[in-house]
1. Just one of the numbered conditions (1) of a type in the set (A, V, I, L, M, F, W, C); (2) assigned to a strand (DSSP E or B); (3) under 22 Å from Ala21 (Cα atoms); (4) at pLDDT 85 or above is not true of Val74; which one?
2. Which ones in region 83-141 are among the hydroxyl-bearing types (Ser, Thr, Tyr) and either in contact with an Asp or Glu (Cβ under 9 Å, 6 or more places away or on another chain) or closer than 25 Å to Gly62 by Cα (or both)?
3. Looking for whichever is closer than 14 Å to Thr22 by Cβ and under 12 Å from the mean Cα position of the chain (by Cα) here; the options are Leu55, Leu79, Leu86. Which one fits?
4. Given the conditions (1) surrounded by 10 or more Cβ atoms within 10 Å (Cβ to Cβ); (2) closer than 22 Å to Ser143 by Cβ, which single one is not true for Gln47?
5. Of the conditions (1) in contact with a Lys or Arg (Cβ under 7 Å, 6 or more places away or on another chain); (2) under 28 Å from Ser100 (Cα atoms); (3) at pLDDT 95 or above; (4) not charged (D, E, K, R), Leu55 fails just one. Which one is it?
6. With the requirement that a residue be touching a Phe, Trp or Tyr at 6+ places or on another chain (Cβ under 8 Å) and either part of a strand (DSSP E or B) or buried (at least 18 other Cβ atoms within 10 Å of the Cβ) (or both), what does region 50-71 give you?
7. In this structure, is Gly136 under 30 Å from Pro32 (Cα atoms) and assigned to a strand (DSSP E or B)?
8. Checking Tyr50 against (1) closer than 15 Å to Gly28 by Cβ; (2) under 14 Å from the mean Cα position of the chain (by Cα); (3) of a type in the set (Phe, Trp, Tyr), which single condition isn't satisfied?
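The values are calculated or read from the model by the stated rules, or taken from the named source; none is laboratory data. Bear in mind the structure is a predicted one, so any value in this text is a computation, not a measurement. Here the Cβ positions follow ideal geometry from the backbone for every residue, glycine too, while neighbour counts run over all protein chains shown.
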Amino acid sequence: MPFRRTALLGSFAAIALSACATSHVMIGHTRPPISPDQVTVYFHPPQIKYEEVALIDTSSKGGFGITAQGKTDVVIRRLKEEAAKLGANAVILQGVEDVSGGSVSTGFGQASVSGNHAFGTGIGISGNVMHKAGNGVAIYVESPAAN
């Protein structure tokens with residue numbers, strides 16, 4: 001019984017982690033990790049010297065954002081967290097877009113048979129589940145004193 005419970009909890013943990021996967025591809029050198037609060041988000045490359053560290057991809061899937069703004073906030077938070085793990089102190093945001101995350105559907109049907117006659121009816125409804133996906137370049141910005 002304890003083995004089943006451990007296996008079940010492990011399965012749930014794997015599903016939860018895969019639901020909010022953030023990935024990166026290294027294109028530079030890592031530094032010691034920093035706090036995500038220290039990571040700045042740029043919408044254009046900064047006008048000061050910087051080094052590219054990694055390309056980062058993430059999504060709001062599995063996050064608690066409900067509105068478009070909430071989902072975008074989840075994406076930006078995850079980009080900052082991943083950059084911070086790599087020691088990057090900034091992210092150049094390349095884009096955030098809506099992506100389909102599957103659908104949710106339900107239906108109801110009913111049938112009746114009387115003698116040699118059968119009659120059936122049904123109705124169904126389906127809705128698309130959307131989330132946000134975003135990517136950016138994790139960078140290390142040189143301090144102004146180093147220039």
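1. (2)
2. The answer is Ser100, Ser103, Ser105, Thr106, Ser126, Tyr140.
3. Leu79
4. Only one criterion in (1) surrounded by 10 or more Cβ atoms within 10 Å (Cβ to Cβ); (2) closer than 22 Å to Ser143 by Cβ is unmet by Gln47, namely (1).
5. Among (1) in contact with a Lys or Arg (Cβ under 7 Å, 6 or more places away or on another chain); (2) under 28 Å from Ser100 (Cα atoms); (3) at pLDDT 95 or above; (4) not charged (D, E, K, R), the lone unmet condition for Leu55 is (1).
6. Result: Tyr50, Glu51, Val53.
7. Judged against the criteria, Gly136 is a match.
8. Exception for Tyr50: condition (2).
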